[in-house]
Amino acid sequence: MSFSQFGDKFTRHTGISRLMEDMGAGLRTPGTIMLGGGNPAQIPAMSDYFHQLLQEMHSAGKLTDALCNYDGPRGKATLLEALATQLRNSLGWSISARNIALTNGSQSAFFYLFNLFAGRCADGSKKRVLFPLAPEYLGYADAGLDESLFVSAKPHIELLPEGQFKYHVDFERLPLSKEIGLICVSRPTNPTGNVITDEELVQLDALAQQHQVPLLIDNAYGVPFPGIIFSEARPLWNPNIILCMSLSKLGLPGSRCGIIIADEKTISAISNMNGIISLAPGSIGPAIACEMIQRGDLLRLSEEVIKPFYHQKVLETIALIRRYLSEDRCLIHKPEGAIFLWLWFRDLPITTEALYQRLKARGVLMVPGHFFFPGLEQPWPHMHQCMRMNYVPDAEQIERAVQILAEEIENAWQA
Ligand code: PLP
């Protein structure tokens, strides 16, 4: 049996596959402390809410309705209408239901969009996707049909008080040439918890318009929902921006519901791709989201429950880290959003891949930094000095993990 080129590319055993296997093995091994994955927290108030909502929807026949019917290829029409109205009213965006399409998770939206705007073109040219700020979400790395679809730029690093730092877009050195067909940035960023500033976003938007390419903003953690942003950040949309959202970090990753907000031409393209690839996106997540909007709960719960939960958790985790690791040993990216902390072990004598192996041997899983630089073409030692940890597990587990991390860092320095 032999596979096609497509098959070869998409069945390759990449670094991330190995990492996912480790995560799977960790889940099956009692006692492993899992700080590696991207699963959102099961917030008790949200779990109770979903339990109640699903019971009521079931009694009203709404779940059966969703399960027993295909939606159209753009997704559940009632959600498209309700969401457009909600965003028009809460943010003043000039959009209608024709500016929205749903996908089976935002991960599949990136696959569509990257390959829609980059790759080989009819005139023989080749376009690429620019990530203006590495480190960036590792889920983008293998989503191109063509090899070398991505190019990214090193950030400018601002050192901050209390052993923190923040990455900024280095506009002087952005490789923004005719080759670029799409600019993409996650805001908040997975893995760093960075939220690029309003000024940076406006500047990227202006550059994208100047070069006549769309700006994709991955808003999986952002505002107005699920609202996991702790700094001031203004949501931005205009017809040149493609905004991707998701129900996952609201607490519903199993619903696999991604949302694309874009100009009508892009939405119509996504609708056709949905039709070919999956007939229609799944209906259960959209039915739940629609119900939440109609009850006025979507934005309220994001603001009153989800955001404060993660904010408190991140502050507690930073306090724990500082109990075991000094600023000399570990810098922390300013936590402005998302569900991760990004740790920088400056000048560490071993790579974070080696550190990852040592931690794994002691039952702690975190993700070494070098996976998060898709498209960065030049070597950079910084990539091997960072690590991503999920701060969602309970405080005792995090404390145990941080204790072990501090011991391994000390061992590395002593050796
Ligand atoms: N974007 C970012 C930045 C993420 O971290 C994730 C998942 O962790 C996704 C998108 C994918 O989310 P979804 O579950 O909607 O596919």
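Would you please name the residue that is farthest from the ligand (Cβ to nearest atom), looking only at residues in the stretch 216-260 that are of a type in the set (Val, Ile, Thr) and outside any loop (DSSP other than H, G, I, E, B)? Don't jump to the end; show me each part of the working.
Step one: of the stretch 216-260, the residues of a type in the set (Val, Ile, Thr) are 217, 223, 228-229, 241-242, 259-260.
So of that shortlist, the ones also outside any loop (DSSP other than H, G, I, E, B) come out as 217, 229, 241-242, 259-260.
Values: Ile217: 11, Ile229: 13, Ile241: 16, Ile242: 13, Ile259: 9, Ile260: 11 Å.
Here the residue is Ile241.
Restricting attention to the stretch 56-103, which residues are free of Cβ contacts under 8 Å to residues at least 60 places away in the same chain, farther than 16 Å from Asp263 by Cβ and of a type in the set (Gly, Ala, Ser)?
Passing the criteria: Ser59, Ala60, Gly61, Ala77, Gly92.
Could you grab me the full set of residues in the stretch 237-291 that are among the charged types (D, E, K, R), surrounded by fewer than 16 Cβ atoms within 10 Å (Cβ to Cβ) and in contact (Cβ under 8 Å) with a residue 60 or more places away in the chain? Walk me through how you get there before you give the answer.
Pass one, the stretch 237-291, residues among the charged types (D, E, K, R): 249, 256, 263-265, 291.
Those left that are additionally surrounded by fewer than 16 Cβ atoms within 10 Å (Cβ to Cβ): 264-265.
Within the stretch 237-291, Glu264 is the sole residue that qualifies.
Just the residues that are surrounded by fewer than 19 Cβ atoms within 10 Å (Cβ to Cβ) and small (Gly, Ala, Ser), please, taken from the stretch 142-155.
Kept after step one, since they are surrounded by fewer than 19 Cβ atoms within 10 Å (Cβ to Cβ), are these residues of the stretch 142-155: 142, 145-148, 154.
Selection gives Ser148 alone.
Taking the stated definitions as given, is Arg323 in a helix (DSSP H, G or I), among the basic types (Lys, Arg) and at pLDDT 95 or above? Steps first, answer last, please.
Details: in a helix (DSSP H, G or I): yes; among the basic types (Lys, Arg): yes; at pLDDT 95 or above: yes.
Answer is yes for this residue.
Checking the structure you have, find out if any residue of the stretch 205-222 is surrounded by fewer than 21 Cβ atoms within 10 Å (Cβ to Cβ), under 24 Å from Trp344 (Cβ atoms) and polar (S, T, N, Q).
No, the stretch 205-222 contains no residue that is surrounded by fewer than 21 Cβ atoms within 10 Å (Cβ to Cβ), under 24 Å from Trp344 (Cβ atoms) and polar (S, T, N, Q).
If Lys166 meets every condition in (1) within 16 Å of the ligand (Cβ to nearest atom); (2) within 21 Å of Trp342 (Cβ to Cβ) apart from one, which number is that one?
All conditions are met except number (1).
Please enumerate the residues belonging to the stretch 346-365 that are within 20 Å of Leu27 (Cβ to Cβ), in contact (Cβ under 8 Å) with a residue 60 or more places away in the chain and buried (at least 20 other Cβ atoms within 10 Å of the Cβ).
Val364, Leu365
Within the stretch 91-144, how many residues turn out to be out of contact with any Cys (no Cβ under 9 Å at 6 or more places or on another chain), charged (D, E, K, R) and away from the ligand (no atom under 16 Å from the Cβ)?
The number of residues fulfilling the criteria is 5.
Can you tell which of Pro349, Pro335, Pro308, Pro286 is within 30 Å of Ile260 (Cβ to Cβ) and either among the basic types (Lys, Arg) or not in a helix (DSSP H, G or I) (or both)?
Pro335
Taking the condition of being closer than 18 Å to Ala141 by Cα and without any contact (Cβ under 8 Å) to a residue 40 or more places away in the chain, how many residues in the stretch 384-398 meet it?
1
Scan (1) of a type in the set (Val, Ile, Thr); (2) surrounded by fewer than 18 Cβ atoms within 10 Å (Cβ to Cβ); (3) in contact with a Lys or Arg (Cβ under 8 Å, 6 or more places away or on another chain) for the single condition Ile95 breaks and write down its number.
Evaluating Ile95 over (1) of a type in the set (Val, Ile, Thr); (2) surrounded by fewer than 18 Cβ atoms within 10 Å (Cβ to Cβ); (3) in contact with a Lys or Arg (Cβ under 8 Å, 6 or more places away or on another chain) leaves (2) as the failure.
If a residue has to be within 13 Å of the ligand (Cβ to nearest atom) and part of a helix (DSSP H, G or I) to count, how many in the stretch 171-215 make the cut?
The total comes to 0.
Just to be sure I understand the filter: pairs with C-beta atoms under 7 Å, separated by 6 or more residues or on different chains, first member in the stretch 154-165 and in contact (Cβ under 8 Å) with a residue 40 or more places away in the chain and more than 13 Å from Thr192 (Cβ to Cβ), second member part of a strand (DSSP E or B) and of a type in the set (A, V, I, L, M). Which pairs pass?
Between residues of the stretch 154-165 that are in contact (Cβ under 8 Å) with a residue 40 or more places away in the chain and more than 13 Å from Thr192 (Cβ to Cβ) and residues that are part of a strand (DSSP E or B) and of a type in the set (A, V, I, L, M), the close pairs are Gly163/Leu331; Gly163/Ile332.
The values are calculated or read from the model by the stated rules, or taken from the named source; none is laboratory data. Note that the coordinates shown come from a computational prediction; the quantities given were computed from them, not determined experimentally. Ideal geometry is used to build each Cβ from the backbone, glycine not excepted, and the neighbour counts take in all protein chains shown.
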